[in-house]
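Taking it in order: structure first as structure tokens, then the write-up.
The values are calculated or read from the model by the stated rules, or taken from the named source; none is laboratory data. No experiment lies behind these values; they were computed from the predicted model shown. Neighbour counts are summed over all protein chains in view; Cβ atoms, including those assigned to glycine, are modelled from backbone coordinates with ideal geometry. Note: accessible area is taken over every heavy atom of the protein model, side chains too, but ligands, DNA and RNA are not part of it. Shrake-Rupley method; radii C 1.70, N 1.55, O 1.52, S 1.80 Å.
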Amino acid sequence: MARMALVPVVIGLLYRRTPETDLAAALVFAAASITDYFDGYLARAQQSVSVYGKLMDPLADKILTAAAFISLAEFHAMPAWALILIISREFLITGLRSLALTKGIVLPAEKLGKHKTTWQM
């Protein structure tokens, strides 16, 4: 939940458009990204992996990275076609997870997906 709560902070700082607020946005984004690692580590270490966590963790990652990518595209720091590819892939995976859930199957994030998220962040 911390990742989702930090999204408006990152975006608010980015829209100030000063070197100081850009740096602050990058630091807050980095802090939010690091919570992804610690969240998973603590859940596994305490054996408290939950269905809620399996669903919300990837969603929080998607919200954080999508917000940052959309901002970068708006500021012309990345091409729109790249944003479209990234967001489309995220919708596709979320749709597949939702479909599996209707069948009673929870699809947790795989290692390859975790690597992808790390590189995006």
Quiz item: Where does the charge balance sit around residue 12 when Lys and Arg score +1, Asp and Glu -1, over other residues with C-beta under 15 Å from its C-beta?
Solution: -1
Practice problem: Could you work out how far the C-alpha centroid of the range 9-36 sits from that of the range 46-79, in angstrom? | Solution: 14 Å
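Where in the range 28-121 are there chymotrypsin sites (Phe, Trp or Tyr not before Pro) that are in a DSSP coil and have at most 14 other Cβ atoms within 10 angstrom of their Cβ? Could the numbers behind the result be given before it?
Values: sites: 29, 37, 38, 41, 52, 69, 75, 81, 91, 119; in loops: 75.
For chymotrypsin sites (Phe, Trp or Tyr not before Pro) across the range 28-121 that sit outside H, G, I, E and B with at most 14 neighbouring Cβ atoms in 10 Å, the list reads 75.
I'd like the FRET efficiency for residue 15 and residue 59, computed as 1/(1 + (r/R0)^6) with the beta carbon distance as r and R0 of 30 Å, rounded to 0.05. Kindly include the intermediate steps, with their values, before the conclusion.
Values: r = 23 Å, r/R0 = 0.78.
With a Förster radius of 30 Å, E is 0.80.
Let me know the Kirkwood hydrodynamic radius for the chain, please, with Cα pairs as the basis and the value in Å to one decimal.
Values: mean 1/r = 0.0652 Å⁻¹.
The Cα-based Kirkwood calculation yields 15.3 Å.
In the chain, what percent of the accessible surface is made up of carbon and sulfur (1.4 Å probe, ligands and nucleic acids excluded)? Mind showing how you got there, number by number?
Numbers: 5690 of 7980 Å².
On the chain, the fraction of accessible area on carbon and sulfur atoms equals 71 percent.
Sequence gap at least 6, Cα distance under 8 Å: using those rules, report the relative contact order of the range 13-88 to the nearest whole percent.
This gives 18 percent for the range 13-88.
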Quiz prompt | Exposed trypsin sites (Lys or Arg not before Pro) absent: longest stretch of the chain, with sites in DSSP loops and at most 15 other Cβ within 10 Å deemed exposed | solution = 18-102
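Find out how many positive minus negative residues lie around residue 31, taking Lys and Arg as positive, Asp and Glu as negative, among other residues whose Cβ is under 13 Å from that of residue 31. Display every interim value, and only then the final one.
On the way: positive: 3; negative: 36, 39.
Around residue 31, the surrounding residues sum to -1.
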Quiz item: Hey, can you list the DSSP H helices of the chain whose Cα span along the axis is 15 Å or longer and whose average Kyte-Doolittle score is at least 0.5?
Solution: 2-14, 19-45, 51-74, 80-102
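Efficiency by 1/(1 + (r/R0)^6): what FRET value for residue 105 and residue 35, r their Cβ-Cβ distance, R0 = 30 Å, to the nearest 0.05? Before the final figure, lay out each step's value.
On the way: r = 27 Å, r/R0 = 0.89.
Rounded to the nearest 0.05, the efficiency is 0.65.
Excluding ligands, DNA and RNA, what is the solvent-accessible area per residue of the range 1-108 at a probe of 1.4 Å, expressed in Å²? Could you put the intermediate results ahead of the total?
Values: 6830 Å² over 108 residues.
Value for the range 1-108: 63 Å² per residue.
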